[in-house]
């Protein structure tokens, strides 16, 4: 009888220790970790900057515990500006019109790297040229509307 009692006490002690360990791990995971946010990405003239941006964003995802593909894509595009933001705007509206859907983080990285390689091939992409290419991609009625607004603004004293 004593042997059974000692065995039971030993098992309960082991379970109690395991429970305490799990509770301390859970408390550690639930603490908020201050993670620096990634810097905005405007596009670049250097291939290494693209790789560094993607590596940095991966570190951010790991630190924040972000694992979901759609969440990763939705977060990374929040750090796009300028030409890269125009690219993403076109890409996402194309998806809504039945174009290719980027379904995974790996697919996004592939598309993003392909776009970045094209940008690197352009020697001098000024703001005016960027605006021209953007306007050229608009539907005719939207392009006309933008041109009309620009004309109205130029007529103001």
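Values in this text are rule-based calculations from the coordinates and carry no lab data. None of these values were measured; they are calculated from a predicted model. FYI the Cβ positions are ideal-geometry reconstructions off the backbone, even for glycines, and counts take in every protein chain you see.
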**Prompt:** FRET efficiency for residue 104 and residue 11, Cβ-Cβ distance as r, R0 = 30 Å, nearest 0.05?
**Reply:** 0.10
**Item:** Distance (nanometres) between label positions extended 7 Å along Cα→Cβ at residue 67 and residue 45
**Value:** 4.3 nm
**Request:** Which order do the peptides 74-84, 100-110 take when ranked by the mean count of other beta-carbon atoms within 10 Å per residue, highest first?
**Result:** 74-84, 100-110
